2 protein chains.
Amino acid sequence: MERVPVLKIGEILLVSIQIDMEDQVALQLQEDLAERIVATGVGGVIIDISALDIVDSFVGRTLATIASVSRVLDAETVVVGMRPAVAITLVELGLSLPGIRTALNVELGIAMLAREDEVVDLLGDEDDTDQAAEPTP
Amino acid sequence: MERVPVLKIGEILLVSIQIDMEDQVALQLQEDLAERIVATGVGGVIIDISALDIVDSFVGRTLATIASVSRVLDAETVVVGMRPAVAITLVELGLSLPGIRTALNVELGIAMLAREDEVVDLLGDEDDTDQAAEPTP
């Protein structure tokens with residue numbers, strides 16, 4: 001079975017979705033992510049969907065579920081890389097992805113997480129160094 | 001056509017290969033990566049192959065070409081996430097990926113790039129470099 005890899009980078013987990021999110025793949029990803037969040041104790045999850053041409057209601061629901069599960073586990077989720085056409089289609093379908101935060105790309109997603117949480121700022125901005133200097137639990 | 005996304009994170013470009021590397025996909029990735037390296041001026045490229053069950057000679061050659069092109073453009077390439085079975089098969093096939101540097105996972109790959117180059121240490125913690133160098137059991 002195909003499986004979406006979960007990459008740990010500093011204080012975030014990065015998921016780049018490139019394959020069709022069928023039921024099994026989506027469920028496996030939810031499970032993998034939840035396990036990795038608990039195992040690593042990261043504060044943020046970034047899901048890149050720049051490779052997806054289509055985001056239907058199933059994928060939208062999957063993303064929302066992932067975000068909810070992550071939040072319960074004390075990790076914020078940001079969806080990044082949505083194509084303009086995908087955004088237009090989503091809104092036309094009435095799917096505005098409530099509860100899901102988005103950013104244009106991975107870097108802006110990391111910056112968003114760094115601003116709001118005690119997630120280490122991976123981009124190395126000087127302003128955030130006091131936050132970044134704090135020991136992670 | 002399917003396309004492998006290239007994600008910029010700080011001073012590196014991250015590519016997570018999850019789909020079959022057919023000719024067109026591989027060529028497109030080489031092109032995309034070269035363009036992004038020039039456009040962003042990053043010093044490192046990390047290619048995650050943890051989703052690949054099989055790395056045949058074509059994929060091996062593709063990785064080697066990407067590494068060579070990146071080097072010409074002044075960016076180092078590290079291949080990360082190779083599965084044990086893939087490594088065994090590669091060696092049995094006589095493909096030892098000469099000229100390609102590898103690391104266990106994305107974090108260790110970033111640490112490797114940070115040690116050797118002036119690439120910004122995305123992990124942020126200087127003390128961890130010794131730990132990071134240790135192989136995980």
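The values are calculated or read from the model by the stated rules, or taken from the named source; none is laboratory data. Keep in mind that this is a model prediction, so the values were computed, not measured. Note that we place each Cβ from the backbone using ideal geometry, even for glycine, and neighbour counts take in every protein chain shown. Side chains are part of the model used for accessible areas, which takes the heavy atoms of the whole protein and leaves out ligands, DNA and RNA. Shrake-Rupley method; radii C 1.70, N 1.55, O 1.52, S 1.80 Å.
Could you please report the charge total around A:Ser68, scoring K, R as +1 and D, E as -1 over all other residues with beta-carbon less than 13 angstrom from its beta-carbon?
Residues close to A:Ser68 contribute a combined charge of +1.
A drop of at least 20 square angstrom in accessible area, chain alone versus all protein chains together, probe 1.4 Å. Which residues of the stretch A:98-112 meet that?
Listed by number, the residues meeting the 20 Å² cut-off are A:Val106, A:Glu107.
Taking amide H atoms as placed 1.01 Å from N in the peptide plane, list the residues 5 or more away in sequence, or in a different chain, whose amide H sits under 5 Å from that of A:Gly44.
Amide H neighbours of A:Gly44, under 5 Å, 5+ apart: A:Leu13, A:Glu76.
Hey, what do the phi angles of the stretch B:7-15 turn into as Karplus ³J(HN,Hα) couplings, whole Hz, using 6.51/-1.76/1.60 and θ = phi - 60°, x for Gly and Pro?
So the J values, rounded to whole Hz, are 9, 8, 10, x, 9, 10, 10, 10, 10.
Nearest 100 Å² is fine: what is the total accessible surface buried where chains A and B meet, probe 1.4 Å? Mind dumping the intermediate values first?
Numbers: alone 7660 and 7770 Å², together 13740 Å².
Interface area, both chains combined: 1700 Å², rounded to the nearest 100.
A:Thr65 to B:Arg83: FRET efficiency via 1/(1 + (r/R0)^6), r the Cβ-Cβ distance, R0 35 Å, to the nearest 0.05? Intermediate results must be reported in sequence, preceding the final value.
Numbers: r = 28 Å, r/R0 = 0.80.
FRET efficiency, A:Thr65 to B:Arg83: 0.80.
Just to confirm the numbers: A:Arg71, label point 7 angstrom along the Cα-Cβ line, distances to the other copies in nm, shortest first?
Sorted ascending, the copy-to-copy spacings read 4.9 nm.
Quick check: pseudo-label points 7 Å beyond the Cα along Cα→Cβ at B:Leu104 and A:Glu92, how many nm apart are they?
4.8 nm
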